[in-house]
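Chemist: Below you will find the structure I want to go over with you.
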Amino acid sequence: MGIVFYEAIHLPNTFRQLSDYLAQKEMSITKVKFSQDPDGEMWIEHRIKENTIKDDVFDGYYMEFVLSGSKLNDMTINIQKEAGYVGFVISLKWTEVVSHDVIRLQQGIKRCLVDLYHTLTFEYAFTGHEIEVEIHPDEFEKCLQEQHAFPVALIGKRDHIDIYYGDVAIDGISSQERRRECVKIER
């Protein structure tokens with residue numbers, strides 16, 4: 001799944017909010033790996049204790065955090081910095097996806113993203129198979145209306161979230177009804 005923000009966010013604080021949320025779900029960050037240079041030639045890897053991450057990690061390139069926990073095993077979070085926006089790509093192992101009821105897992109992820117929006121106001125979030133953060137927040141809604149390219153996509157509107165469902169579920173195989181719904185956000 002991907003969670004996208006304008007680049008004006010304070011990256012370390014925003015990531016800490018996400019890691020605090022995941023800690024509530026019994027997930028913890030165990031390792032971080034990043035490059036010190038944009039060419040990806042000088043890599044550093046650190047073990048993480050007690051979810052404590054130093055700010056200088058966020059100055060690196062191609063950051064990848066490894067998580068483990070009781071719900072799902074071996075998740076990773078990659079931070080993708082693009083012109084004008086930044087995204088967190090949370091990857092699940094394929095075996096985790098196919099070992100669950102796909103629709104139930106997808107609905108659980110959607111509920112988590114809606115819940116997360118209360119504390120971490122993202123511009124949009126989406127699910128899919130082998131995804132990357134490639135669409136600027138200003139273009140995402142138009143893209144969805146034209147293509148419905150993602151199993152589930154959420155667009156934050158401050159007091160509500162528009163949720164779009166594409167033709168195919170999170171496993172990339174199971175079909176689902178294309179639709180849109182709106183969820184009110186109580187603050």
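The values are calculated or read from the model by the stated rules, or taken from the named source; none is laboratory data. Bear in mind the structure is a predicted one, so any value in this text is a computation, not a measurement. Ideal geometry is used to build each Cβ from the backbone, glycine not excepted, and the neighbour counts take in all protein chains shown.
Chemist: Taking the stretch 114-132 only, how many residues are among the aliphatic types (A, V, I, L, M), at pLDDT below 95 and touching a strand residue (DSSP E or B) at 6+ places or on another chain (Cβ under 7 Å)?
Modeler: Qualifying residue count, the stretch 114-132: 1.
Chemist: Follow-up. I'd like the residue in the stretch 2-16 that is farther than 12 Å from VAL89 by Cα and aliphatic (A, V, I, L, M) and, out of all such residues, is surrounded by the fewest Cβ atoms within 10 Å (Cβ to Cβ).
Modeler: The extreme case among them is ALA8.
Chemist: Then there's this: Tally the residues that are in a strand (DSSP E or B), in contact (Cβ under 8 Å) with a residue 12 or more places away in the chain and more than 26 Å from HIS136 (Cβ to Cβ), restricting the search to the stretch 33-80.
Modeler: Here the count works out to 9.
Chemist: Return a yes/no flag: does the stretch 70-78 have any residue that is closer than 22 Å to PRO12 by Cα, polar (S, T, N, Q) and at pLDDT 90 or above.
Modeler: Yes - at least one qualifying residue is present in the stretch 70-78.
Chemist: Still on this structure, please answer the following. Just for strands (runs of 3 or more DSSP E) wholly inside the stretch 81-187: which have at least 2 residues that are under 12 Å from the mean Cα position of the chain (by Cα)?
Modeler: Fully inside the stretch 81-187 and qualifying: 85-91, 124-126, 152-156.
Chemist: Another question, if that's okay. Within the stretch 101-134, how many residues are crowded, with 17+ Cβ neighbours inside 10 Å and free of Cβ contacts under 8 Å to residues at least 40 places away in the same chain?
Modeler: 0
Chemist: Scanning for something surrounded by fewer than 18 Cβ atoms within 10 Å (Cβ to Cβ), closer than 19 Å to ASN78 by Cα and not basic (Lys, Arg), does the stretch 135-146 turn up at least one residue?
Modeler: yes
Chemist: Still on this model: Can you tell me which residue within the stretch 32-45, out of those that are in contact with a Ser or Thr (Cβ under 9 Å, 6 or more places away or on another chain) and not aromatic (Phe, Trp, Tyr), is surrounded by the fewest Cβ atoms within 10 Å (Cβ to Cβ)?
Modeler: GLU41
Chemist: Find the residue count for the stretch 1-32, including only residues that are over 30 Å from GLU141 (Cα atoms) and acidic (Asp, Glu).
Modeler: Count: 1.
Chemist: Is at least one residue of the stretch 10-29 assigned to a strand (DSSP E or B), at pLDDT below 95 and closer than 22 Å to GLU130 by Cα?
Modeler: Yes, the stretch 10-29 contains at least one residue that is assigned to a strand (DSSP E or B), at pLDDT below 95 and closer than 22 Å to GLU130 by Cα.
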